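So the structure is just underneath, and the comments pick up after that.
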C-alpha cells in the first residue's frame, strides 16, 4: 500500500496536477502511519508529513495491545510485513531517516493507538534535532469524533501546512 501512495503521488506530479515542491503527506490512523513511512521511504518526495492518531511504534503497539481494544489482539497479530522485522517498518525505529518536518497529533482518549506513542515519537525526533511538532487533543477518540477535536486538528494542520508548503 505504501508503494501505491508513492505511485499515486508521482502520477499527480507527472500529470501536472501537483507541485512537487508543495507535497505534504497527511493521514489518520493507518494513514498517519503511512505519512510517517512516506517520509522514511521517499525522503525527496514529501516536503512534510502530518500524522493524526497514527501508529508510530509498531512493536510497542503489538506488545501492549489490549484484548478489549477496538480490533483486539487478533487485529495486531495481522499487522506487519511477512518476512520483515517489525522494527524495519516502524517509524519510531526508523526515525533517523526522517528529514522533513512532521506534525504529530493524538487524542488522549484514543482506545486504538495510545497517545503516549506519539509523544515518544516526538521526543525521539526532537532529541535527534528533527523538526517535529506535537499537538495533544482532548476528547476526540481515535476518529476525532467531536467538533472541538476536529477544529483543533484542522487549525493545527492549516498552520503547519502554511508554514511548510505555503498557502
Yeah, the stretch 103-161 with a ≥ b ≥ c from its alpha-carbon gyration tensor (a/c under 1.5 is rounded, else prolate when a/b outruns b/c, oblate otherwise) is oblate
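Starting from the Cα-Cα distance between residue 13 and residue 111, subtract it from 0.36 nm times their residue separation and give me the gain in nm to one decimal.
Full-extension gain reported as 31.6 nm.
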Fewest to most Cβ atoms within 10 Å: 42, 123 sort as 123, 42
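At 0.36 nm per residue, minus the direct Cα-Cα distance, what do residue 94 and residue 22 gain on full extension? Give it in nm, one decimal, please.
Contour length minus the Cα-Cα distance gives 23.5 nm.
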Taking a label point 7 Å from the Cα of residue 138 along Cα-to-Cβ, the residues of the stretch 99-120 whose backbone nitrogen sits under 13 Å from it are 108-109
Counting only DSSP beta bridges with both partners in the chain, the antiparallel fraction in percent, to the nearest 5, comes to 0
Over all directions, the chain yields a Cα convex hull whose mean projected area in nm² is 9.7
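Read-outs throughout are calculated quantities, based only on the coordinates presented, and are distinct from any laboratory measurement. Predicted, not measured: the structure shown is a model, and the values here were computed from it. Cβ: placed from backbone, ideal geometry, glycine included. Neighbour counts: every protein chain shown.
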